[in-house]
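> My questions will all concern the structure given below.
The values are calculated or read from the model by the stated rules, or taken from the named source; none is laboratory data. As the structure is a computational prediction, the values presented were derived from the model and not from experiment. Virtual Cβ from ideal backbone geometry, glycine too; neighbours counted across all protein chains shown.
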Amino acid sequence: MHMEIPWWRDAVVYEIYVRSFADASGDGVGDLPGIRQRLPYLAELGVDAIWLTPFYRSPMADGGYDVADYRDVDPLFGTLSDFDELVSEAHRLGLRVIVDIVPNHSSSAHEWFQAALRGEGRDRYIFRDGGESPPNNWQSTFSGPAWSKTPDGQWYLHLFAPEQPDFNWRNPEVHSEFLDVLRFWLDRGVDGFRIDVAMGLYKAEGLPDTPPEGQAFKAESPIWGRPEVHEVYRDWRKVLDSYAGERMAIGEVWTDSAEDLALYVRPDELHQSFNFAWLEAPWSGPAFKKIIDDTLAAVTAPTWVLSNHDVVRHVTRYGDGLANSTTGLARARAALLAMLALPGSAYLYQGEELGLPEVKDLPPEARQDPIFARSKGELAGRDGCRVPIPWSGVAEPYGFSPEGTRPWLPQPVEWAALSAERQSNDPGSTLGFYQEALRVRRELRGTLPDEITWLDAPEEALIFSRGPLTCVINCGSEPVRLPPHERVLIGSAPVEGHLLLPDTAVWLHTPEA
Ligand code: GLC
């Protein structure tokens, strides 16, 4: 059974945090030419697509998620022609390219906001009169009030840093601007967009206070998931569909439930939305099972993700507080097999294929995430998952930058053992394991049904099958008996006999009855 399905339906997409992937220019910051040089590594890893975090002109108040010009590359990362060369080289290697688009807010350096400060076109943003105190009680996601005062006494809204003013999506000019930005990048050959803060954009009329219990992603929130936002994605879908070649969009949508998530992926809206449930779940069989069931029941094009540039790396999440530091890595490898066995597409985060942990001991003066400064050091922020990749060698910059250059964040000495070079050609390494898992998944692709069937398992383990593939993951502390099978396809650790040890997963081949 081989059905023609769009490429993104079951793709493995690799997230590149551009600042931290590979630095060709020698300024300590990753760039587009650096990525281009490393594309063969990604092709060999076996992913289908790359997602590039923002590389647009930006003062970098939030690492590029503060965009000053949506139609140009920041000199830190290269030029538009570097971008074009990256896309054509990726396509030549069979890799699709997804770019980030940031529609909720711009940089305060954007010409529209600069004009607004001069009193021109304030209606493109959310300005309000106020007195001494802000117009409402909304808090910034990065700590502190979501309002800042301009010199002439008006307040403007920023759900993130003050350098990231929120657009007013009730102004039609904002709509046409973004439709045009989409076309700009589609014309340059991108295969899709990752939409930043996709459940933001509209704020409730009148900007009412949030209830005292907070401003989380509840359906009734005045800030997130307002119904009007869906019209935006219907318009965007029409633009994407007007181009040849299965262009797609995936939303960064944080919600409380899989049902709310499903609203964004109705047939005339986005193709996919991130499903962050797994990224927030502890290492637990029942928790994983609930996420899988809820997701598959609610959405027809599921996605799975274990780490990204905003959260603590999962090796560390799964290993935290445990005496044995190898446990986190064993669990991370096991979780990968579970994720890759499920119907839908998987999003990997750069460095997880090397088993990189979170860097927890970055010195305060090195930290650049605005969350750290805005919370006055109370929150560590996200720099610990953004440390530049160790490619080769035994000391900083580990081939990330040319020799003699200091990367923008310091790299730990322990990473000498984790470099891509050190792990390549070692089938027992995490890199070798990822390559093999992706190779087996490719081989099975197109032969597996969209549905999974649960088999009996002890409470802390999961056993599910998709046609001839059976996946077993043991999240408990006792060995689990493997169901009948013909052979082992791949294990997250060596599997011998009929018992699967704790913190391990395996794919079995089971001939269909
Ligand atoms: C998204 C991005 C995050 C950024 C924020 C504001 O959550 O993933 O990195 O800080 O939006 O743009």
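> Determine, yes or no, whether Ser107 is assigned to a loop (DSSP other than H, G, I, E, B) and without any contact (Cβ under 8 Å) to a residue 60 or more places away in the chain.
yes
> Then there's this: Restricting the search to region 371-399, which residues are within 16 Å of the ligand (Cβ to nearest atom) and either part of a loop (DSSP other than H, G, I, E, B) or of a type in the set (Ser, Thr, Tyr) (or both)?
Result: Ser375, Leu379, Ala380, Gly381, Arg382, Arg386, Val387.
> Restrict the check to region 122-134 and report whether at least one residue is assigned to a loop (DSSP other than H, G, I, E, B), in contact with a helix residue (DSSP H, G or I) (Cβ under 7 Å, 6 or more places away or on another chain) and in contact (Cβ under 8 Å) with a residue 60 or more places away in the chain.
No, region 122-134 contains no residue that is assigned to a loop (DSSP other than H, G, I, E, B), in contact with a helix residue (DSSP H, G or I) (Cβ under 7 Å, 6 or more places away or on another chain) and in contact (Cβ under 8 Å) with a residue 60 or more places away in the chain.
> Residue check: is Arg194 more than 23 Å from the chain's Cα centre (by Cα) and modelled with pLDDT of 95 or more?
It is false that Arg194 is more than 23 Å from the chain's Cα centre (by Cα) and modelled with pLDDT of 95 or more.
> Tell me which residues, restricted to region 139-168, are without any contact (Cβ under 8 Å) to a residue 24 or more places away in the chain and either of a type in the set (Asp, Glu) or touching a Pro at 6+ places or on another chain (Cβ under 9 Å) (or both).
Of everything in region 139-168, those that are without any contact (Cβ under 8 Å) to a residue 24 or more places away in the chain and either of a type in the set (Asp, Glu) or touching a Pro at 6+ places or on another chain (Cβ under 9 Å) (or both) turn out to be Pro145, Ala146, Trp147, Ser148, Lys149.
> Tally the residues that are surrounded by fewer than 16 Cβ atoms within 10 Å (Cβ to Cβ) and part of a helix (DSSP H, G or I), restricting the search to region 57-86.
4
> While we're looking at this one, here's another question. Are any of the residues in region 141-152 part of a loop (DSSP other than H, G, I, E, B) and in contact with a Ser or Thr (Cβ under 7 Å, 6 or more places away or on another chain)?
Within region 141-152 (the criterion being part of a loop (DSSP other than H, G, I, E, B) and in contact with a Ser or Thr (Cβ under 7 Å, 6 or more places away or on another chain)), the answer is yes, since at least one residue qualifies.
> Can I ask one more? Please verify whether Val181 is out of contact with any Phe, Trp or Tyr (no Cβ under 6 Å at 6 or more places or on another chain), of a type in the set (Val, Ile, Thr) and in contact (Cβ under 8 Å) with a residue 60 or more places away in the chain, treating the condition exactly as stated.
no
> Mind checking which residues of region 13-28 are surrounded by fewer than 24 Cβ atoms within 10 Å (Cβ to Cβ) and over 15 Å from Leu39 (Cα atoms)?
Residues satisfying the conditions are Ser25, Gly26, Asp27, Gly28.
> Please specify each residue of region 20-56 satisfying the condition of being outside any loop (DSSP other than H, G, I, E, B), more than 16 Å from the ligand (Cβ to nearest atom) and touching a Gly at 6+ places or on another chain (Cβ under 6 Å).
Result: Leu32, Pro33.
> Condition check: closer than 17 Å to Val190 by Cβ, within 14 Å of the ligand (Cβ to nearest atom), touching a strand residue (DSSP E or B) at 6+ places or on another chain (Cβ under 6 Å) and of a type in the set (A, V, I, L, M, F, W, C). Does Val87 satisfy that?
Against the criterion (closer than 17 Å to Val190 by Cβ, within 14 Å of the ligand (Cβ to nearest atom), touching a strand residue (DSSP E or B) at 6+ places or on another chain (Cβ under 6 Å) and of a type in the set (A, V, I, L, M, F, W, C)), Val87 does not qualify.
> Out of the residues in region 309-320 that are of a type outside the set (D, E, K, R) and away from the ligand (no atom under 16 Å from the Cβ), state the one that is surrounded by the most Cβ atoms within 10 Å (Cβ to Cβ).
Per the stated criteria, the residue is Val315.
> Taking the criterion of being at pLDDT 95 or above, in contact with a strand residue (DSSP E or B) (Cβ under 6 Å, 6 or more places away or on another chain) and within 16 Å of the ligand (Cβ to nearest atom), would at least one residue in region 128-137 satisfy it?
For region 128-137, residues at pLDDT 95 or above, in contact with a strand residue (DSSP E or B) (Cβ under 6 Å, 6 or more places away or on another chain) and within 16 Å of the ligand (Cβ to nearest atom): absent.
> Quick one: which of Asp82, Asp123, Asp100 is within 29 Å of Ala249 (Cα to Cα), at pLDDT 95 or above and within 16 Å of the ligand (Cβ to nearest atom)?
Being within 29 Å of Ala249 (Cα to Cα), at pLDDT 95 or above and within 16 Å of the ligand (Cβ to nearest atom) holds for just one of Asp82, Asp123, Asp100, which is Asp100.
> Okay, next question. Is it true that some residue in region 321-331 is within 16 Å of the ligand (Cβ to nearest atom) and buried (at least 20 other Cβ atoms within 10 Å of the Cβ)?
The answer is no, given that none of the residues of region 321-331 is within 16 Å of the ligand (Cβ to nearest atom) and buried (at least 20 other Cβ atoms within 10 Å of the Cβ).
> Another one. Looking at (1) in contact with a Phe, Trp or Tyr (Cβ under 7 Å, 6 or more places away or on another chain); (2) surrounded by fewer than 14 Cβ atoms within 10 Å (Cβ to Cβ); (3) modelled with pLDDT under 95, which is the only condition Asp209 fails?
Asp209 satisfies all of (1) in contact with a Phe, Trp or Tyr (Cβ under 7 Å, 6 or more places away or on another chain); (2) surrounded by fewer than 14 Cβ atoms within 10 Å (Cβ to Cβ); (3) modelled with pLDDT under 95 except (1).
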